[in-house]
1. Looking only at chymotrypsin sites (Phe, Trp or Tyr not before Pro) in DSSP loops with at most 14 other Cβ atoms within 10 Å, what is the longest site-free stretch of the chain?
2. Work out which helices of the chain, taken as complete DSSP H runs, extend at least 18 Å along their axis over the Cα atoms and score a mean Kyte-Doolittle of -0.5 or more, then list them.
3. Ordered by residue, what ³J(HN,Hα) values in Hz, to whole numbers, does the range 98-107 give under the Karplus form 6.51 cos²θ - 1.76 cosθ + 1.60, where θ = phi - 60° and Gly and Pro are x?
4. For the chain, what does the accessible surface come to per residue with a 1.4 Å probe? Please give it in Å².
5. Any chance you could run the full-extension gain for Gln55 through Phe171? It's 0.36 nm times the residue separation minus the Cα-Cα distance, nm to one decimal.
6. How big is the dipole moment of the chain about its Cα centre under a simple scheme where the beta carbon of each Lys and Arg is +1, that of each Asp and Glu is -1, and everything else is neutral? Debye, nearest 20, please.
7. Using 5 Å bins from zero, what percent of all Cα-Cα pairs in the chain falls into each bin?
8. Quick check on the range 1-85: take the gyration tensor over C-alpha atoms, sort the square-rooted eigenvalues as a ≥ b ≥ c, and tell me if it's rounded (a/c under 1.5), prolate or oblate.
Amino acid sequence: MLFVHGLGDDASAFDALRQRLEHEGWPHLHALSLAPNDGSESLSVLARQVAHEAQALRARTGARRVDVVAFSMGALVTRYWVQLLGGRLMVRRFISISGPHGGSALAFLARGKGITQMRPGSRLLRALERDTHPWGNTEVHSFWSPWDLMIVPASSSRLPGACERVFPVLFHPWMLTDGRVHDAVVDVLGSPSVAR
């Protein structure tokens, strides 16, 4: 399983969830640290890092397909890889947690190539939305909070074609530590067997 973090985070953002999944018996858990993580680089550059890490994970485990849990900007980066770089052929399950799939108005308050791509109505978001068959055989889930103050409006975390779960979590980063979200991730992933 691969974890992809959000803006300003690194692999440690998933420490609590990784511990939970280790306790559940999942043997192959890998969280990467995107570089740069500040939104200064295009999301396509970060998506290629995800593609590389997923391929390396497949090689190490012998798995044909991998599961991906991604948070915030990392969810949009993963979506880019799945839809535009062939990731749909490698991903069994994609769980998006508070991803800015419709953009966030807060992205207008900062600069950077990746930040610009996360603005509502950006060229990248329009391209992703135009894809009429975005997921292939990938099972896609969207977890989000209506109280999210980083994704504005919070409903921008909804992902077309995804199975959706809503959590009453007050702060954006708490989505990665909330026990209800962890329970839902475990529920979606099911048995800790390697995807083949």
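1. 1-146
2. TM-like helix candidates: 43-61.
3. These are the phi-based 3J(HN,Hα) values: 6, x, x, 5, x, x, 9, 4, 5, 5 Hz.
4. 44 Å²
5. Answer, rounded to one decimal: 38.5 nm.
6. Using only the charged Cβ atoms, the result is roughly 700 debye.
7. Spelled out bin by bin, the chain gives 1, 8, 18, 23, 23, 16, 8, 2, 0 percent.
8. Oblate is the answer for the range 1-85, as a/c is 1.5 or above yet b/c matches or exceeds a/b.
The values are calculated or read from the model by the stated rules, or taken from the named source; none is laboratory data. Predicted model, so just to flag it, every value in this text is computed and none were measured. Neighbour counts are summed over all protein chains in view; Cβ atoms, including those assigned to glycine, are modelled from backbone coordinates with ideal geometry. Ligands, DNA and RNA are excluded from the accessible area calculation, which covers all protein heavy atoms including side chains. Shrake-Rupley method; radii C 1.70, N 1.55, O 1.52, S 1.80 Å.
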